[in-house]
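Asker: Right, I'll just put the structure down here and ask away after.
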Amino acid sequence: MYKLEVYQEKCHGCGNCVIVCPVNARDPNVFGGKGPEDDSKVVMRIINGVVTVINGDLCRGCGACVEACPVDAIKLIVE
């Protein structure tokens, strides 16, 4: 089981994490940079300028979001 820990005070809302997440990328709008149409199918999204975990249970623990974050605002915890 994986859990994403987000440090919103570090996040500057670039959206790299949202776009590189393979779960999010199944939604063509996310892959295209527009954002998800349906929040039930995405792990995270940018809300009010910061990353917010929407459905952490969908996270597969690949760590792509952690690697893509330029300000270390996301941490992957193995439970």
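The values are calculated or read from the model by the stated rules, or taken from the named source; none is laboratory data. Not measured: the values here are computed from a predicted model. Counting neighbours? That spans all protein chains shown, and the Cβs are built from the backbone with ideal geometry, glycine included. To get the accessible areas, we keep the full protein, side chains included, count just its heavy atoms, and leave off ligands, DNA and RNA. Shrake-Rupley method; radii C 1.70, N 1.55, O 1.52, S 1.80 Å.
Asker: When both residues are 6+ apart or on different chains and their Cβ atoms are under 8 Å apart, which pairs have a first residue that lies in segment 45-63 and is basic (K, R), and a second that is open to solvent by less than 50 Å² (accessible area, probe 1.4 Å) and part of a strand (DSSP E or B)?
Answerer: Partner pairs satisfying both residue conditions: R45/V51; R45/T52.
Asker: To continue, here is another question. In segment 1-26, what count of residues is obtained for those that are in contact with a strand residue (DSSP E or B) (Cβ under 6 Å, 6 or more places away or on another chain) and of a type in the set (A, V, I, L, M, F, W, C)?
Answerer: 5
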